[in-house]
Amino acid sequence: MAATSVAVVGVAVGTGALGARYLLRAFQALKSNPRARKFYYGGFQQAMNRREAALILGVREHVALEKIKEAHRRVMVANHPDAGGSHYLASKINEAKDILLKKSKASDSAF
């Protein structure tokens, strides 16, 4: 009976150690992979360009119009002022969409 409980404890400790090792490796791989980051971390430039607009919406600079509209909708739903989001961010998101859709040439943000 005592040998059985010792074996069960040994298997449990071994399984826990292997699980922890797997989680540590997965975390390190996620941390070192820059493509795993989904959001643009950084401040805004004085005048928004196509690169910054694409980073804000999470798309490439040259992408289909439908992808731009879909990305704009997705980001806007998460940051809309009526849902507790910031008016400033909403204006930057709209400005990014306008730049990528070539509706605006200059920065016309209210902020």
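The values are calculated or read from the model by the stated rules, or taken from the named source; none is laboratory data. Everything numeric in this text was worked out from a predicted model, so none of it was measured. Ligands, DNA and RNA are stripped out before the accessible areas are found, and what is left, the full protein with its side chains, is counted by its heavy atoms. Shrake-Rupley method; radii C 1.70, N 1.55, O 1.52, S 1.80 Å.
Miscellaneous remarks
- Residues in segment 46-55 that are open to solvent by 30 Å² or more (accessible area, probe 1.4 Å) and of a type in the set (A, V, I, L, M): Ala47, Leu55.
- Residues in segment 78-93 that are in a helix (DSSP H, G or I) and open to solvent by 60 Å² or more (accessible area, probe 1.4 Å): Ala78, Asp82, Ala83, His87, Tyr88, Leu89.
- Enumeration of residues in segment 58-77 that are more than 16 Å from Lys103 (Cα to Cα) and open to solvent by less than 80 Å² (accessible area, probe 1.4 Å): Gly58, Val59, Ala71, Val75, Met76
- Count of residues meeting criterion [on the phi < 0 side of the Ramachandran plot, at pLDDT below 75 and open to solvent by less than 60 Å² (accessible area, probe 1.4 Å)] in segment 26-45: 1
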